Structures are given as C-alpha cells and as structure tokens.
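Reading through the structure tokens given below for one structure.
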Amino acid sequence: MIYALLLSCLVTATSCNRDSYTPSSTNSTKDKGDVTIYTTTNNRSQDFSKGFVDFSTKFNMSPNTITLDPTQKFQTMDGFGAAITGSTCYNLMKMSQEDRTKFLTETFSDQNGMGMSYIRIAIGCSDFSLSEYTCWDKEGKENFGLQSEEKQYILPVLKEILAINPSIKILGSPWTAPKWMKVNNLTDLKPFDSWTSGQLNPKYYQEYGWYFVQWLQAMKKEGINVSAITIQNEPLNRGNSASMYMTWQEQQAFIKQALGPQLRSASLETKIYAFDHNYNYDDVADQNDYPVKIYNDAGAASFITGAAFHNYGGNRSELLDIHNQRPDKDLVFTETSIGEWNDGRNLETRLMEDMREVALGTVNNWSKAVIVWNLMLDTDKGPNREGGCQTCYGAVDINKANFKSITRNSHYYIIGHLSSVVKPGALRIGASGYTAEGLVYTAFQNTDGSYAVVLLNDANENRKITLSDKKNHFSYEVPAKSVVSYRWTN
C-alpha cells in the first residue's frame with residue numbers, strides 16, 4: 001500500500017514533495033507570463049535571454065525556497081550604470097547613427113533595453129579623454145567654458161541618452177583642478193604646473209567652488225541636469241594621467257568653506273559625495289575612515305549626502321563598516337575596472353566574480369548605486385591617456401576596424417541584470433531561506449509594488465529554486481554558472 005502511494009507520487013512528477021517548475025529550456029518559447037526572467041550564463045549559451053514563467057498553483061513544499069520579506073527594509077536604490085568618458089563618447093560617435101541608437105536603446109531604455117539608470121562623467125578630463133584639460137585652464141572668470149571634447153563628443157552622447165531615458169541620473173567627478181590652482185604641497189605652496197599630482201592651493205577654495213557651480217550651470221544650460229558630484233576622483237592617487245592629491249582634511253575644509261555654501265547660494269540641489277576612492281584608503285594610515293572623519297565636522301557634514309567608493313584595494317566589507325559608523329549617510333559605488341590584469345574579456349571567470357564582488361557585493365553592503373568604469377572602449381583598449389590605464393577593457397568593446405561589431409563583457413551584464421528589474425527608488429528588502437555554496441542573491445520591491453530578485457549561481461550544476469513572496473510562488477531551474485534576474489507583480 002505504502003509502495004503504491006510512493007509510486008503514485010513519482011508518476012505525478014514528484015508533486016508530493018517538490019514544487020512544479022518550467023524547465024529553463026522551454027522558458028524562451030513563452031512570450032508572456034507572471035514573472036519576467038533574464039538569464040546569462042558564463043559560456044553565453046544564454047546571453048541575457050528573456051523568458052517568462054507563471055506562478056505555481058500547487059502547494060509549495062520545496063526545500064529550495066527563497067522567501068521575500070518586504071517588512072525587512074534596507075536602502076533605497078538610486079540606480080546602476082557605467083561611466084560615459086570622453087573615450088566612450090568618441091567611440092560611440094564613430095558608430096553610424098543607426099548602430100549607435102540601437103546600442104544606446106538596448107543599454108538605457110527602460111521599455112526596450114536594460115534600463116541602465118545612472119551614469120558618471122568627468123568634470124574636465126579623465127585618464128580616458130582625448131586630451132588633458134579642465135574647463136578653466138587660464139585664470140580669469142571670462143576664461144571658463146565647456147571644451148571641444150565636451151561639445152563634440154560628450155554632450156551629443158548625453159543628449160541621445162537622455163532622449164532615450166529622460167530620468168537617468170548623472171554624477172560628475174573631476175580628475176584635477178585647473179593647474180593654476182595647484183601647488184606642490186601645503187607647506188611650500190609653490191606653483192605646480194602639472195596635470196599629475198599636486199594639491200589644491202587653499203587660497204583658491206572659493207574660485208574652485210565657483211568652478212563647480214559654473215560647470216553645473218553650464219551643463220544645465222545644455223539640458224544636462226547633473227544630480228550629484230564627487231569632490232575629487234581618487235584623492236589619494238597621485239599618479240593618474242590627470243590627478244590631484246586631497247586629504248580628508250582638505251576635502252572637509254573645501255566643502256565647508258566653499259563648495260557647500262556656494263551650491264546652496266546658487267540654489268543647486270546637487271548631491272555631494274565625499275572620498276570617491278578605494279576601500280583600503282590606498283594604505284595611507286591617517287586617511288583611514290576618510291569620509292567619517294569629514295562627517296565629524298557637523299558643518300561640513302550638513303552639505304554631504306554620503307561617500308563614494310572604488311574597489312582597486314581593500315574589501316567591500318568597508319562599506320558595511322562605514323554604514324555602521326554613520327547610517328545617516330548614503331553610500332554609492334562609483335568605479336571598478338576589468339582589463340588584462342584580471343582576464344577581463346573572459347566571461348567564464350569574470351561574470352561570476354564581478355557579480356559576487358561588485359554588483360551584489362556592494363548592494364548587500366548598503367550601496368545605493370553601482371557604476372562601472374568605461375561603458376565602451378575600442379578593441380585596442382582606447383582611446384586612453386599616457387599615464388592612465390593602458391590595459392583596461394570597457395563594459396563593451398567595439399571593433400576599431402569597423403566601429404560596428406561589439407563584444408559585451410562582464411560589466412555590461414552585471415549592471416544590466418540589476419537595472420533591468422531593479423528600478424530607481426526600489427527598496428532592498430529581506431530574503432531568506434535556501435542557501436548553498438556559490439549562491440548569492442538579493443531582493444527588492446520597486447515603487448510600483450513589483451518584486452525583483454537578482455541571483456548568482458556559481459555552482460557547476462543547475463539548481464531548481466523556488467521564489468516566494470508569501471502570496472505567490474514559482475520555480476525556475478537556474479543554470480550552472482549563471483546570473484538570473486526576476487521581476488513580478490504581486
């Protein structure tokens with residue numbers, strides 16, 4: 001009798017002890033369903049493939065269930081994207097209008113693409129510019145102005161992106177102040193006529209604050225609303241193609257004395273993020289906890305929204321440490337690179353690591369945004385500047401021979417898997433239950449009430465996983481070595 005009952009269970013597709021599911025191999029044949037799913041495998045057998053499954057009507061008894069908990073609330077998400085550098089814009093403008101529109105639509109459209117929602121641009125040049133410049137290279141306020149690289153390449157691309165996604169957020173970061181404002185150090189205060197290194201002369205704090213205000217207003221006149229800025233890209237890095245050293249003490253003084261009051265006086269609501277550098281503070285001992293030390297001055301802190309981080313040194317656990325010290329201040333992740341040093345074009349290794357360490361790793365440690373470095377470089381890793389990165393790849397690389405063929409790298413996928421289902425304003429919520437080696441996930445509730453889950457399966461075998469919001473549930477066979485994004489309305 002017992003044997004007969006067990007056999008009956010097996011004949012009915014194990015519904016006695018496991019939830020039913022639609023195998024992933026058949027998902028692509030459905031053109032609609034309760035749940036929208038995007039899947040990328042590290043061997044590209046599924047390449048951001050879109051599929052659908054329906055909610056299950058069966059009672060859920062699956063031991064592999066992840067349950068969402070919207071009552072457990074974390075940070076509100078600002079967005080996900082990439083840097084639109086001068087090099088990126090140069091490459092984009094070398095494409096045909098048709099190809100460029102197609103790529104930008106696939107990348108930024110919320111309806112017809114990945115819906116990337118946050119981009120970073122340089123204030124002046126970066127190490128991925130066509131030349132070295134600021135917008136005020138000659139003393140005298142009459143000499144301020146947007147430069148040829150911005151007018152010819154950056155502004156046209158930004159306007160095309162905004163036409164596709166008008167709500168996209170933009171963050172601006174300077175690589176250096178104008179050279180005439182720089183000194184060799186804060187003791188000698190000797191003029192420092194170099195794009196690389198040097199420090200901001202304190203006597204020019206007000207002029208440099210004016211520079212930020214003028215740049216923001218100049219961009220606004222072009223129809224470009226910059227929602228946030230950092231004070232200095234990599235302030236502890238003296239060696240970049242364009243760079244300027246700036247301690248927390250300097251940044252605190254500049255924000256408090258000049259930048260903050262001038263932004264407020266100009267009625268600019270632009271957010272200010274401090275730091276914008278590595279988790280390990282480049283091992284400069286007295287610069288540890290750089291943003292927290294700035295916050296300790298209430299006057300400076302009153303102007304600052306939070307802090308920005310890169311991952312070229314240290315561990316993402318630093319985000320959690322800073323959050324725990326100052327939970328009232330936001331965190332954003334603003335730069336990471338792939339290149340020759342980390343086998344950057346090998347999706348088999350990079351997709352897993354970048355999803356774990358950058359995308360989910362930062363979000364699960366309170367970051368409200370994730371922005372990777374160059375959106376597009378050419379197949380010669382350029383254009384780039386001498387003294388800057390000569391071995392970097394883009395989130396995508398375009399064939400320099402025809403400016404048409406595009407290779408999508410890990411950074412494109414990890415951002416796309418977040419931005420496609422997690423929209424600006426989404427709240428990160430609790431998710432618990434099934435755990436396994438190599439399984440990482442996080443859950444969100446969007447402003448329209450829909451749920452989103454982004455999940456990494458870094459195992460060598462498929463995993464049948466059930467997701468439940470306590471009202472509805474569904475199952476999906478997650479492929480080995482894959483990233484999967486889900487979105488559904490309760």
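The values are calculated or read from the model by the stated rules, or taken from the named source; none is laboratory data. As the structure is a computational prediction, the values presented were derived from the model and not from experiment. Cβ coordinates were reconstructed from backbone atoms using ideal geometry, including for glycine residues, and neighbour counts include every protein chain displayed.
Taking the criterion of being of a type in the set (D, E, K, R) and touching a helix residue (DSSP H, G or I) at 6+ places or on another chain (Cβ under 6 Å), would at least one residue in region 268-282 satisfy it?
Pass one, region 268-282, residues of a type in the set (D, E, K, R): 269, 271, 276, 282.
Okay, now just the ones that are also touching a helix residue (DSSP H, G or I) at 6+ places or on another chain (Cβ under 6 Å), so none.
No, region 268-282 contains no residue that is of a type in the set (D, E, K, R) and touching a helix residue (DSSP H, G or I) at 6+ places or on another chain (Cβ under 6 Å).
Among LEU236, LEU319, LEU259, LEU263, which is the only one that is part of a loop (DSSP other than H, G, I, E, B), free of Cβ contacts under 8 Å to residues at least 60 places away in the same chain, farther than 19 Å from ALA83 by Cα and not basic (Lys, Arg)?
Working: LEU319 fails: part of a loop (DSSP other than H, G, I, E, B); LEU259 fails: part of a loop (DSSP other than H, G, I, E, B); LEU263 fails: part of a loop (DSSP other than H, G, I, E, B).
The match here is LEU236.
Would you mind finding the one in LYS138, LYS151 that is among the basic types (Lys, Arg) and not in a loop (DSSP other than H, G, I, E, B)? Give the steps one after another, and end with the answer.
Working: LYS138 fails: not in a loop (DSSP other than H, G, I, E, B).
Sole residue among the options that is among the basic types (Lys, Arg) and not in a loop (DSSP other than H, G, I, E, B): LYS151.
Of the residues that make up region 48-57, is at least one in contact with a strand residue (DSSP E or B) (Cβ under 6 Å, 6 or more places away or on another chain) and closer than 21 Å to VAL370 by Cα?
Yes, because at least one residue in region 48-57 is in contact with a strand residue (DSSP E or B) (Cβ under 6 Å, 6 or more places away or on another chain) and closer than 21 Å to VAL370 by Cα.
Just the residues that are within 22 Å of GLY113 (Cβ to Cβ) and crowded, with 23+ Cβ neighbours inside 10 Å, please, taken from region 374-408.
Within region 374-408, ASN374, LEU375, MET376, LEU377, TYR393, GLY394, ALA395, ASP397, ILE398 qualify.
When PHE254 is evaluated against the numbered criteria (1) at pLDDT 95 or above; (2) more than 14 Å from PHE212 (Cα to Cα), which criterion, by number, is the only one it fails?
The single condition PHE254 does not satisfy is (2).
Tell me the residue from ALA242, ALA253, ALA274 that is aliphatic (A, V, I, L, M) and closer than 23 Å to LEU146 by Cβ, please. Spell out how you get there, then give the answer.
Working: ALA253 fails: closer than 23 Å to LEU146 by Cβ; ALA274 fails: closer than 23 Å to LEU146 by Cβ.
From the options ALA242, ALA253, ALA274, the qualifying one is ALA242.
Scan region 424-465 for residues that are part of a strand (DSSP E or B) and out of contact with any helix residue (DSSP H, G or I) (no Cβ under 6 Å at 6 or more places or on another chain) and report the count. Before you say what the answer is, go through the steps one by one.
First pass over region 424-465, keeping only residues part of a strand (DSSP E or B): 427-433, 439-445, 451-457, 463-465.
Checking the rest, the ones that are also out of contact with any helix residue (DSSP H, G or I) (no Cβ under 6 Å at 6 or more places or on another chain) come to 427-433, 439, 441, 443-445, 451-453, 455, 457, 463-465.
Here the count works out to 20.
Give region 72-87 a look and list any residue that's small (Gly, Ala, Ser) and assigned to a strand (DSSP E or B), or say none.
Answer for region 72-87, where residues must be small (Gly, Ala, Ser) and assigned to a strand (DSSP E or B): GLY79, GLY81, ALA82, ALA83.
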